[in-house]
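Accompanying notes for the structure given below.
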Amino acid sequence: MAYDEVVREVRSLLQGHIRAMPGCEQVVDDEGWIVKEPVTLPDDPDAGLIVQDPPCFLDRLQIPGYSEA
């Protein structure tokens, strides 16, 4: 069996498995793509970070155009 045939078979099995899961019938669309909500990214690249630049690394994390405040 060729690689592309194996990929198609495994993909089909996975899609069938997902569709058979209770509550997940609509997760995979008719073309086999997983349905996801569009991702919106924040304007601030540091948004959502729990820890940013620990003090012990400040002398090693100087990134021109980014680190200067």
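For the reader, a short list of remarks on this structure follows.
- Filter result for Ile63 (among the hydrophobic types (A, V, I, L, M, F, W, C) and modelled with pLDDT under 80): yes
- Among (1) under 21 Å from the mean Cα position of the chain (by Cα); (2) at pLDDT 80 or above - the single one Glu9 does not satisfy: (1)
The values are calculated or read from the model by the stated rules, or taken from the named source; none is laboratory data. Bear in mind the structure is a predicted one, so any value in this text is a computation, not a measurement.
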